[in-house]
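Q: For reference, the structure I am asking about is given below.
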Amino acid sequence: MRIGLFVTCLGDTLFPEAPRAALAVLERLGHEVEFPREQTCCGQLHLNSGYRDEARALGRRFGRIFGGYEAIVSPSSSCVGAARELSPETAGRVFELSEFLVANLGVDDVGAYFPHRVTYHPTCHSLRVTRVGDAPFRLLAAVRGLELVELPAADECCGFGGMFAVKNADTSAAMLADKCSAVLSTGAEVCTAVDGSCLMQIGGGLSRQRAGVRTMHLAEILAS
């Protein structure tokens, strides 16, 4: 299958490890993956900030750039959700990595080995927008050597929410403190998720506490 890799702004500027890992997993499974160099923001930031005209313009651009691919895959459920809303012509072909692997390719085991204790944070967008379901859990369960531990109050927001964390900093910090406490209660070495933005939020909180717990994108674990 010819796949267009949508790396997202955050993946491009702060967390290139996630899209690189997504590429590695997809190529390991035998697919032809291309990175369109013309890609830019999908328009999510503009959409969430009330700039709908600018968001729609970026959505149209997304459709032109990725329109020729059989599937468009991204290691970000929030950006996938925005792309589906803003680019109707490609909406049925844009997928978050874990849902693409499990629901579209029918793959649970990607041949990964990761001998660590891991907890999974289901991000708000993956729960309520892209609705990836149990795909991340099925993929993690198949990783050899990995011990998956349940995260208490897993469906509670980490406090990021894009501009929410900026405009409501105190509330965001309180939500983050609760999330970090939940992560630490599991005794996990690694907290993973399907959105780099949430991992940035959680990772920052854990780092400031010198908790010794790493954050890693699900794609990085699957590529290991």
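Q: What residue, of E17, E38, E32, E85, is free of Cβ contacts under 8 Å to residues at least 60 places away in the same chain, under 28 Å from C157 (Cα atoms) and of a type in the set (D, E, K, R)?
A: Working: E17 fails: free of Cβ contacts under 8 Å to residues at least 60 places away in the same chain; E38 fails: under 28 Å from C157 (Cα atoms); E32 fails: under 28 Å from C157 (Cα atoms).
Only one candidate qualifies: E85.
Q: Within segment 85-103, how many residues are charged (D, E, K, R), open to solvent by 20 Å² or more (accessible area, probe 1.4 Å), at pLDDT 95 or above and under 27 Å from D53 (Cβ atoms)? First the steps, then the outcome.
A: Taking segment 85-103 and keeping what is charged (D, E, K, R), we get 85, 89, 93, 96, 99.
This time we only want the ones that are open to solvent by 20 Å² or more (accessible area, probe 1.4 Å), so: 85, 89, 93, 99.
Checking which are at pLDDT 95 or above leaves us with 93, 99.
Still in the running and under 27 Å from D53 (Cβ atoms): 93.
The total comes to 1.
Q: Checking D12 against (1) assigned to a helix (DSSP H, G or I); (2) in contact with a Pro (Cβ under 9 Å, 6 or more places away or on another chain); (3) modelled with pLDDT under 95; (4) buried (at least 20 other Cβ atoms within 10 Å of the Cβ), which test does it fail?
A: Of (1) assigned to a helix (DSSP H, G or I); (2) in contact with a Pro (Cβ under 9 Å, 6 or more places away or on another chain); (3) modelled with pLDDT under 95; (4) buried (at least 20 other Cβ atoms within 10 Å of the Cβ), only one is false for D12: (4).
A quick yes/no check of all residues on (1) at pLDDT below 95; (2) in a helix (DSSP H, G or I); (3) more than 15 Å from the chain's Cα centre (by Cα); (4) aliphatic (A, V, I, L, M):
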{"residue": "L148", "(1), (2), (3), (4)": "no, no, yes, yes"}
{"residue": "A153", "(1), (2), (3), (4)": "no, no, yes, yes"}
{"residue": "V166", "(1), (2), (3), (4)": "yes, yes, yes, yes"}
{"residue": "S172", "(1), (2), (3), (4)": "yes, yes, yes, no"}
{"residue": "V183", "(1), (2), (3), (4)": "no, yes, yes, yes"}
{"residue": "A188", "(1), (2), (3), (4)": "no, no, yes, yes"}
{"residue": "T192", "(1), (2), (3), (4)": "no, no, no, no"}
{"residue": "S207", "(1), (2), (3), (4)": "yes, yes, yes, no"}
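Q: OK, next. Scan (1) under 26 Å from E85 (Cα atoms); (2) at pLDDT 95 or above; (3) open to solvent by less than 50 Å² (accessible area, probe 1.4 Å) for the single condition V143 breaks and write down its number.
A: (1)
The values are calculated or read from the model by the stated rules, or taken from the named source; none is laboratory data. Fair warning: this is a prediction, and the values are worked out from it, not measured in the lab. Glycine also receives a Cβ, built like all others from the backbone with ideal geometry; neighbour counts cover every protein chain displayed. For the accessible areas, the whole protein counts, side chains as well, though only heavy atoms, and no ligand, DNA or RNA atoms are used. Shrake-Rupley method; radii C 1.70, N 1.55, O 1.52, S 1.80 Å.
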